[in-house]
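K.L.:
Have a look at this one before I ask anything.
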Amino acid sequence: MFWLPALLVLAADRLTKLAVQHRMVVGESHRVLGEFFRITSVRNSGAVFGMFPGNPLLFLWISVLAILLVLGLYARGGRGHRLRALALGLILGGALGNLHDRIFYRQVVDFLDFTFGRYHFPVFNVADSAVTVGVALLALDAWIHSGAPRGEAPDAAPPPGDAGS
């Protein structure tokens, strides 16, 4: 549940990015579902959603550290928990996909372009999607394994007058 999702995400990310790179010029856009969804070829030299552009070396090292952190989390406790292993595998695959771009192109290839009414969501890619889903699953796994019985907070204080008798 860790290596297979990581490899599938990496393969899907690379294949989709290669298709965009070989079939479209930067800035080219094609409607898929009207104004709601387009394939738009853009490059991102910054962090997620194009924030802090122009720091390729910084984000390359942040990617490497994130990958090492994911591998460490998997080694320390991901093997025995399927949901956690899946979440970490998705994050690893996405991080590796974007790291590949940062190493070889000094920027990330983005192309998934959504508009909701007047809100235009920042363009992203398969790797970004996998990281986002992986983080959400990791949060769900942490909540499930928080140790709290249903309906109680994990660190609930004992009721007044109950001194542990």
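K.L.:
Please pick out the residue among ARG76, ARG84, ARG38 that is more than 15 Å from VAL131 (Cα to Cα) and modelled with pLDDT of 90 or more.
P.N.:
Working: ARG76 fails: modelled with pLDDT of 90 or more; ARG84 fails: more than 15 Å from VAL131 (Cα to Cα).
Every option except ARG38 fails the conditions.
K.L.:
Still on this model: Looking at the structure I just gave you, is ASP141 surrounded by 14 or more Cβ atoms within 10 Å (Cβ to Cβ), acidic (Asp, Glu) and modelled with pLDDT under 95?
P.N.:
On the way: surrounded by 14 or more Cβ atoms within 10 Å (Cβ to Cβ): yes; acidic (Asp, Glu): yes; modelled with pLDDT under 95: yes.
Against the criterion (surrounded by 14 or more Cβ atoms within 10 Å (Cβ to Cβ), acidic (Asp, Glu) and modelled with pLDDT under 95), ASP141 qualifies.
K.L.:
When only residues in segment 29-44 that are surrounded by 11 or more Cβ atoms within 10 Å (Cβ to Cβ) and of a type in the set (Gly, Ala, Ser) count, which is nearest to ASP110 (Cα to Cα)?
P.N.:
So, considering only residues that are surrounded by 11 or more Cβ atoms within 10 Å (Cβ to Cβ) and of a type in the set (Gly, Ala, Ser), the one nearest to ASP110 (Cα to Cα) is SER41.
K.L.:
Let me ask something additional. Looking for something under 14 Å from LEU10 (Cβ atoms), among the polar types (S, T, N, Q) and either modelled with pLDDT of 95 or more or in a helix (DSSP H, G or I) (or both) - is there at least one such residue anywhere in segment 87-101?
P.N.:
Scanning segment 87-101, I find at least one residue that is under 14 Å from LEU10 (Cβ atoms), among the polar types (S, T, N, Q) and either modelled with pLDDT of 95 or more or in a helix (DSSP H, G or I) (or both), so the answer is yes.
K.L.:
Can you name the residue in segment 14-28 that is assigned to a loop (DSSP other than H, G, I, E, B) and within 24 Å of the chain's Cα centre (by Cα) and is also surrounded by the fewest Cβ atoms within 10 Å (Cβ to Cβ) among such residues?
P.N.:
Step one: list which residues in segment 14-28 are assigned to a loop (DSSP other than H, G, I, E, B), which gives 24-28.
Still in the list and also within 24 Å of the chain's Cα centre (by Cα): 26-27.
Values: VAL26: 12, GLY27: 9.
Going through the qualifying residues, I end up with GLY27.
K.L.:
Quick check on ILE91: is it in contact (Cβ under 8 Å) with a residue 12 or more places away in the chain and either surrounded by 24 or more Cβ atoms within 10 Å (Cβ to Cβ) or of a type in the set (D, E, K, R) (or both)?
P.N.:
Details: in contact (Cβ under 8 Å) with a residue 12 or more places away in the chain: yes; either surrounded by 24 or more Cβ atoms within 10 Å (Cβ to Cβ) or of a type in the set (D, E, K, R) (or both): yes.
Criteria met by ILE91.
K.L.:
Further question on the same structure: Inside segment 75-92, can you point out the residues that are small (Gly, Ala, Ser) and in contact with a Gly (Cβ under 6 Å, 6 or more places away or on another chain)?
P.N.:
Step one: of segment 75-92, the residues small (Gly, Ala, Ser) are 75, 77-78, 80, 85, 87, 89.
Across segment 75-92, the qualifying residues are ALA85, ALA87.
Conditions tested, residue by residue: (1) within 15 Å of the chain's Cα centre (by Cα); (2) surrounded by 19 or more Cβ atoms within 10 Å (Cβ to Cβ).
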{"position": "HIS81", "(1), (2)": "no, no"}
{"position": "LEU86", "(1), (2)": "yes, yes"}
{"position": "ALA95", "(1), (2)": "yes, yes"}
{"position": "TYR105", "(1), (2)": "no, no"}
{"position": "VAL133", "(1), (2)": "yes, no"}
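K.L.:
Give me a count of the residues in segment 109-135 that are without any contact (Cβ under 8 Å) to a residue 40 or more places away in the chain and within 21 Å of LEU99 (Cβ to Cβ).
P.N.:
Kept after step one, since they are without any contact (Cβ under 8 Å) to a residue 40 or more places away in the chain, are these residues of segment 109-135: 117-121, 129, 132.
Filter once more, keeping what is within 21 Å of LEU99 (Cβ to Cβ): 129, 132.
Going through segment 109-135 one residue at a time, the tally reaches 2.
The values are calculated or read from the model by the stated rules, or taken from the named source; none is laboratory data. Model, not experiment: these values are computed from the prediction. We place every Cβ from the backbone using ideal geometry, glycine too, and count neighbours over all the protein chains shown.
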